[in-house]
Amino acid sequence: MTLGVSLMLAAFGLLAILGVPLSFTTGIAALIYFFVSDQSMNTIVHQFFTSIDSFVLLAVPLFVMAGHVMAECRITDNIINLANVLVGRMRGGLAQVNVVSSMMFGGCSGSALADVAGLGSVLIPAMKKNGYEEPFAAAVTVASSVQGPILPPSIPMVIFASVAQVSTGALLVGGAVPGILLGLAQMLVVWLIARRRNYRSSHGAYRMAEILHVCKSAIPALLMPVILMGGILSGIFTPTEAASVAVGYALLLGFIVYRNLSLGALLRIGAHVARDSAAIFFLIGTAGIFGWILSVAQLPQHAADWIRTASVNPLVVLLLINLLLLVWGMFMDAAPAILILGPILTPIAVSVGIDPIHFGVVMVFNLMIGLMTPPYGLCLFAGSAITSRETGIGAISREIAPFLGISIAVLALISLFPELVLFFPRLAGLI
């Protein structure tokens, strides 16, 4: 390893520990490499723009836009009402509503943080009012929110498709079964805890007229993932075009169906989307420079050789990678982790016979678990921000432990049985 690469990695580690934003961490560390190496500084600009010059990545700002518009339309109320009709009469009704609402909202927004903010601000106070301990209410909200980036649409899947050069459509569709399995597993955990703590159902029987009204109000929002999945599976549009359809459909709901979206709100949303997209693309660009340096230094090849010396068995390799990602996800958000580790780990997985689509879904699923684990879990901090001062990160983390365990169990399941990921993409002819 050269002096430049050693200094770059040392700077990256130090800046990350100090809490410097990861886009600046990767950029500054890469800049140090160029100062001490004989590489031309022009390469920085070239690699930065090459990293973001991708048709696939056009889906990122469009999905961000669709998520913001759907949140502005207050679709959370309709989704919560429908979830209450479906599972509110189960033991631990409001907690079950929380999980099912996240499953449905995730198929609309694709964002875990939007899920915590949108659903948590409504459901955590409601659960507390109905006798649930606040740390448990926050834990359910945080744990169930990770379904969002696994279920289609999913921005992390789009980012992985870009860096690994694999089918975006296959990745999006491949996340459907794992996301649903995670939701069902979390419902089981809620039922077991509710039985032990004697949490009751949240609602009695609904009249048929109420059920029809709730379904009618929620169906337009729930058609979003159906339209996107149907269009991608049938080949009507590409995943990037699906993102454009998502924006158009969200605007249709806001202006015509729900009629709660104004031009002023749309301008405000546009500013948020521009800010969020700029942050994402800046991170992608700096991570692209960082990844190029690692590639020039042949670190991916060295890592591959090290893992191959440990084993060439696909299950053993996937186990080692999963352990690495579980630890890595505790300290780094999913997007930079995918950008840095994706180009390194994907060739290793493929070299031992692991399907890249299967690996991509497993990697995204794994890194989503990091959103609810300390010390860096973004959703954990977002959930804590919604609760009272008496409820700290530690209390929520203790309550989230069973959900963390069941999430790792589902991760093991989709790692051992690739067809859980590959069945629908194969059925659609995407792989």
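For every residue, the table says whether it meets (1) open to solvent by 30 Å² or more (accessible area, probe 1.4 Å); (2) touching an Asp or Glu at 6+ places or on another chain (Cβ under 6 Å).
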{"site": "Ala139", "(1), (2)": "no, yes"}
{"site": "Ala164", "(1), (2)": "no, no"}
{"site": "Gly169", "(1), (2)": "no, no"}
{"site": "Pro178", "(1), (2)": "no, no"}
{"site": "Leu192", "(1), (2)": "yes, no"}
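Restricting attention to region 5-37, the residues that are at pLDDT below 80, open to solvent by less than 70 Å² (accessible area, probe 1.4 Å) and assigned to a helix (DSSP H, G or I) total 3. For region 125-141, the criterion of being modelled with pLDDT under 85 and closer than 29 Å to Ser277 by Cα is satisfied by no residue at all. For Ala83, the conditions (1) without any contact (Cβ under 8 Å) to a residue 40 or more places away in the chain; (2) open to solvent by 20 Å² or more (accessible area, probe 1.4 Å) all hold with the exception of (2). When the helices (runs of 4 or more DSSP H) confined to region 355-416 are screened for residues that are among the hydroxyl-bearing types (Ser, Thr, Tyr), those reaching at least 3 such residues are found at 393-416. The single residue among Met90, Met103, Met65, Met41 that is without any contact (Cβ under 8 Å) to a residue 24 or more places away in the chain, open to solvent by 30 Å² or more (accessible area, probe 1.4 Å), touching a helix residue (DSSP H, G or I) at 6+ places or on another chain (Cβ under 6 Å) and not acidic (Asp, Glu) turns out to be Met41. Close Cβ contacts (under 7 Å, 6 or more residues apart or on different chains) running from residues in region 352-373 that are more than 13 Å from Ala143 (Cα to Cα) to residues that are aromatic (Phe, Trp, Tyr) and open to solvent by less than 10 Å² (accessible area, probe 1.4 Å) comprise Gly360/Phe160; Met363/Phe160; Val364/Phe160. Of all residues in region 68-77, those satisfying the criterion of being open to solvent by 30 Å² or more (accessible area, probe 1.4 Å) and either touching a Phe, Trp or Tyr at 6+ places or on another chain (Cβ under 9 Å) or among the aliphatic types (A, V, I, L, M) (or both) are Ala71, Arg74. Which of the residues belonging to region 193-210 are more than 18 Å from Lys129 (Cβ to Cβ) and at pLDDT 70 or above? Ile193, Arg195, Arg196, Tyr206, Arg207, Met208, Ala209, Glu210 - these are the residues of region 193-210 that are more than 18 Å from Lys129 (Cβ to Cβ) and at pLDDT 70 or above. Of the residues Ile431, Ile393, Ile408, Ile400, the single one that is closer than 20 Å to Leu182 by Cα, touching a Leu at 6+ places or on another chain (Cβ under 9 Å), in contact (Cβ under 8 Å) with a residue 12 or more places away in the chain and surrounded by fewer than 24 Cβ atoms within 10 Å (Cβ to Cβ) is Ile408. Is it the case that some residue within region 352-365 is farther than 19 Å from Leu413 by Cβ and under 22 Å from the mean Cα position of the chain (by Cα)? Within region 352-365, one or more residues are farther than 19 Å from Leu413 by Cβ and under 22 Å from the mean Cα position of the chain (by Cα).
The set of residues in region 230-256 being at pLDDT 85 or above and out of contact with any Asp or Glu (no Cβ under 8 Å at 6 or more places or on another chain) consists of Ser244, Val245, Val247, Gly248, Tyr249, Ala250, Leu251, Leu252, Leu253, Phe255, Ile256. Within region 134-148, not a single residue is of a type in the set (Phe, Trp, Tyr), within 15 Å of Gly92 (Cα to Cα) and not in a helix (DSSP H, G or I). Counting only residues that are surrounded by fewer than 20 Cβ atoms within 10 Å (Cβ to Cβ) and either free of Cβ contacts under 8 Å to residues at least 60 places away in the same chain or over 18 Å from Leu151 (Cβ atoms) (or both), region 411-426 holds 6 of them. Checked against (1) assigned to a helix (DSSP H, G or I); (2) within 18 Å of Asn81 (Cβ to Cβ); (3) open to solvent by 20 Å² or more (accessible area, probe 1.4 Å), Ala218 passes all but condition (3).
When Arg195 is tested against (1) closer than 17 Å to Leu86 by Cα; (2) in contact (Cβ under 8 Å) with a residue 12 or more places away in the chain; (3) of a type in the set (D, E, K, R), only condition (1) is not met.
Scanning region 149-162 for residues that are open to solvent by 10 Å² or more (accessible area, probe 1.4 Å), at pLDDT 85 or above and part of a helix (DSSP H, G or I) returns Pro156, Ser162.
The values are calculated or read from the model by the stated rules, or taken from the named source; none is laboratory data. Remember, it's a predicted structure, so these values are computed and weren't measured experimentally. All Cβ positions, even for glycine, are placed from backbone atoms using ideal geometry, and neighbour counts span all protein chains on display. When the accessible area is computed, the model is the full protein with side chains, heavy atoms only, and any ligands, DNA or RNA have been set aside. Shrake-Rupley method; radii C 1.70, N 1.55, O 1.52, S 1.80 Å.
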